[in-house]
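Colleague: What follows is a single structure, and I will ask about it in a moment.
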Amino acid sequence: MSIRLPEHDHCKFCGDPVPFDRAFCSEDCYWKEQARIKKDKNSNIRFAVITAVSVAIIIVAGFFLRNG
């Protein structure tokens, strides 16, 4: 025997059940999700910059080591 649950979705931040027309269970979860997105974006940008600088250093070092 299974229990029938009403049609619902889940909060994008905490996973609590919410009606289909809502993405978040509260305004607090909305703002926490926005902060998480901003933090992830900053981390991705930082990673890309560090990777680009590392590749540039390797290329420049290779050029100078090859040409003495």
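Colleague: From the set of residues in region 23-60 that are polar (S, T, N, Q) and outside any loop (DSSP other than H, G, I, E, B), which is nearest to Glu7 (Cα to Cα)? Before you say what the answer is, go through the steps one by one.
Modeller: Start the filter on region 23-60 by keeping residues that are polar (S, T, N, Q), which leaves 26, 34, 42-44, 51, 54.
Imposing the further condition that a residue be outside any loop (DSSP other than H, G, I, E, B) reduces the set to 34, 42-44, 51, 54.
Working: Gln34: 26, Asn42: 36, Ser43: 36, Asn44: 36, Thr51: 45, Ser54: 50 Å.
Looking at the filtered set, the residue picked out is Gln34.
Colleague: Kindly establish whether Arg4 is of a type in the set (Lys, Arg) and assigned to a loop (DSSP other than H, G, I, E, B).
Modeller: So Arg4 fits the description; yes.
Colleague: Can we say Phe20 is in a helix (DSSP H, G or I), exposed (fewer than 10 other Cβ atoms within 10 Å of the Cβ) and not basic (Lys, Arg)? Give the steps one after another, and end with the answer.
Modeller: On the way: in a helix (DSSP H, G or I): no; exposed (fewer than 10 other Cβ atoms within 10 Å of the Cβ): yes; not basic (Lys, Arg): yes.
No: the conditions fail for Phe20.
No value in this document is a laboratory result; all are computed from the given coordinates. Computed from a predicted structure; not experimentally measured. Glycine also receives a Cβ, built like all others from the backbone with ideal geometry; neighbour counts cover every protein chain displayed.
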